[in-house]
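Computed from the coordinates by the stated procedures, all read-outs in this text should not be read as laboratory data. All of these numbers come straight from a predicted model, not from anything done at the bench. Cβ coordinates were reconstructed from backbone atoms using ideal geometry, including for glycine residues, and neighbour counts include every protein chain displayed.
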Amino acid sequence: MLTPFYEALHITDTVSVIIVSIALMLICGFVVTRITKRLRLPNVTAYIVAGILIGPYCLNLVPKGVVSGMDFIADIALAFIAFSTGEFFKFDTLKKSGAKVVVITVFEAVLASVLVFIMSYFVLGLELNFSIVLAALASATAPASTVMTIRQTHARGDFVDTLLQVVALDDVVGLVAYSVAISVALASATGAFHAASVLKPLAVNVLVFLLGGLFGVFLKLLLHKRSTDNRLIVSVALLFAFCGICAMLDVSPLLGCMSMGMIYINLTGDERLFQQLNYFNPPILLLFFVRSGLNFDLGALVNTSESIGATPLLVVGVLYFLVRIIGKYAGAFFGCLVTKKDKKVRNFLGLALIPQAGVAIGLAATGARTLGGEPGKALETIILASSVLYELIGPACAKLSLYLSGSYSNKLEDLAPIPEAEPGEPPKSQVELLIERIQTIQQELPKHDNPYYDDELAFTQAAEEHAAQMEAVFSGTPGPMNAVAPRRKHK
């Protein structure tokens, strides 16, 4: 059914409606980022807000048929998010503190889920199956927001290493928890609850994880000595193919794509591919988050859903928001206490685990399709509403945790400590000491202030290499397939 917007413009052709709708989603998502950028808010918030504004509950610019026909976007977006997360699972890094990170992750993820379940089922009296799935989603964290904050501050150290590994493992725990929860919920709803109903999805996820590893090996073989333009084509093709296999198995591609990225980075050490994909995928992620905003039911927030309980969704959303933060912080604190982590890591790690967006929203969209009806709609509404709040305060909390932990600093004495004089050397003047400290700071300065500089440079270089190859072919003097074009000078 067409909206008044298309009827007024006399746009009735199905293809035209789809193309114009996608263009509207892209343009509106971009326009809202111009506002959120001034407020120093992440792009995820802008995309969700843009979807709400052009959705059926506000301006009603995108037909429901287009929205429902874009279900596949969630799986593709999750594939890109998960593959890029796999970059952080380097075996040499995991060997140093892998056991401790696993303990910390299990503590903070499980405690957040347990507290949310107690709140929703025992305190608010919500329906059991709905409470189980909502609690499982509480364990997931948004790696994109955390990585963006780390890039912007150029933070480093043990706190940063622990944080990156925890947020990456967090999504693994979250996916396993979600797989178990949705299986239990479906089995309970149909009255056919038995051990096999829980073990089967776990076995399927293990199979998907192993299959993802095989795809990582296959990707490495396909990209060996491959020209730069084909690297991106092959990578996207394999990610899409893997998504298709997961869709046929009716399982999330998250765990398998994470395994695919992990195996590839450990076999090749090729960070450039991840940078190219990170620069390629923003339009896909934009469409995913805008579409999530289109599904957001503002009216449902102030109403009750009899299918899950008598509590208004607004109350459920606010309590979910607060209880999950408490669970994350307390779990991270106790996990660090058990593993005897440094005091600064123990006290401030929980602050950096607050953001929740991509993975949780993707799983909520999948859960909404699985549960169906009012429970599915209520689940997606709560997760979307809380994700907007998390993305409003999450990056600020992550930046505060990095500062308080000493992972980055704006103070001169922290950036360049006064060098100690060698034995027997005459004391240096204040001017000489200042010069030495300035030289130290210059060596530590990043190449570029733009946190996405490396991604942009990798993508641009690939395009330049392809252009150089085509020019060589047409001029009759073909050069080597992997000839690297000179770098552009960035002002």
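Need the C-alpha centroid separation for the stretch 94-129 versus the stretch 267-286, integer Å. About 30 Å separates the Cα centre of the stretch 94-129 from the one of the stretch 267-286. For the stretch 346-362, backbone phi angles converted through the Karplus equation (6.51, -1.76, 1.60; θ = phi - 60°) give residue-by-residue couplings of 4, 6, 10, 4, x, 5, 7, 9, 6, x, 8, 8, x, 5, 4, 5, x Hz, Gly and Pro being listed as x.
Cross-linked pairs Lys64/Lys377; Lys200/Lys377; Lys100/Lys328; Lys37/Lys344; Lys377/Lys399; Lys95/Lys344: Cα-Cα separations exceed 24 Å for Lys200/Lys377; Lys37/Lys344; Lys377/Lys399.
Within 10 Å, count the other beta carbons around each residue, average over each peptide in 21-32, 104-115, and list them highest first. Before the final figure, lay out each step's value.
On the way: 21-32: 18.5, 104-115: 24.2.
Listed from highest to lowest mean packing, they are 104-115, 21-32.
Multiplying the residue separation of Asp158 and Leu207 by 0.36 nm and subtracting their alpha-carbon distance yields 14.3 nm. Positive contributions from Lys and Arg (+1) and negative ones from Asp and Glu (-1), summed over other residues with Cβ under 13 Å from the Cβ of Thr33, come out at +3.
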